[in-house]
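The values are calculated or read from the model by the stated rules, or taken from the named source; none is laboratory data. Since this is a predicted model, take the numbers as computed values, not measurements. Cβ atoms come from the backbone with ideal geometry, glycine included; neighbour counts cover every protein chain shown. Areas reflect the complete protein model, heavy atoms only, side chains present, ligands, DNA and RNA absent. Shrake-Rupley method; radii C 1.70, N 1.55, O 1.52, S 1.80 Å.
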Amino acid sequence: MGAEPDWDAVTAAVKAALGPLPRLQPGDELSRQRLIENLAACRQGRLWQADLGLTELPPYPFACECGRSGCDLTWSATPDQYDVRSTGRVVADGHS
Ligand SMILES: [Zn+2]
């Protein structure tokens, strides 16, 4: 895998591995789950970076952590940028 992963294929592989999941309650529960997923993405990205010896990672579409049901907004950033911004909830631009 090069520096430009096929995120659609990665998403499909993760969904296939996890199978059907229960619906989370909007609000803190859903927000907390998005946070866990974003932290896992940071970890996986850094492992991938170390494995390939990349000097920097390409941006990743982090999930919005607003906790609203149905929100599919993302925030494109590197794990380092996510860490800086994640002192609170990461809420994607584009919310009204
Ligand atoms: Zn949102």
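So that you can scan it fast, the table gives a plain yes or no per residue for (1) of a type in the set (Ser, Thr, Tyr); (2) touching a helix residue (DSSP H, G or I) at 6+ places or on another chain (Cβ under 9 Å):
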site	(1), (2)
Arg32	no, no
Gly45	no, yes
Gln49	no, yes
Thr74	yes, no
Tyr82	yes, yes
Gly94	no, no
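Mind checking whether some residue in the range 54-73 is small (Gly, Ala, Ser), under 22 Å from Pro5 (Cβ atoms) and either free of Cβ contacts under 8 Å to residues at least 12 places away in the same chain or touching a Cys at 6+ places or on another chain (Cβ under 7 Å) (or both)?
no
For the range 74-93, the set of residues classified as in contact with a Gly (Cβ under 8 Å, 6 or more places away or on another chain) and either touching a residue at least 60 places away in the same chain (Cβ under 8 Å) or among the basic types (Lys, Arg) (or both) consists of Arg89 only. Out of Asp83, Asp72, Asp51, one residue alone is within 15 Å of the ligand (Cβ to nearest atom) and either outside any loop (DSSP other than H, G, I, E, B) or open to solvent by 70 Å² or more (accessible area, probe 1.4 Å) (or both). It is Asp72.
Do you know which residues across the range 54-69 are under 11 Å from the mean Cα position of the chain (by Cα) and open to solvent by 80 Å² or more (accessible area, probe 1.4 Å)? Answer for the range 54-69, where residues must be under 11 Å from the mean Cα position of the chain (by Cα) and open to solvent by 80 Å² or more (accessible area, probe 1.4 Å): there is none.
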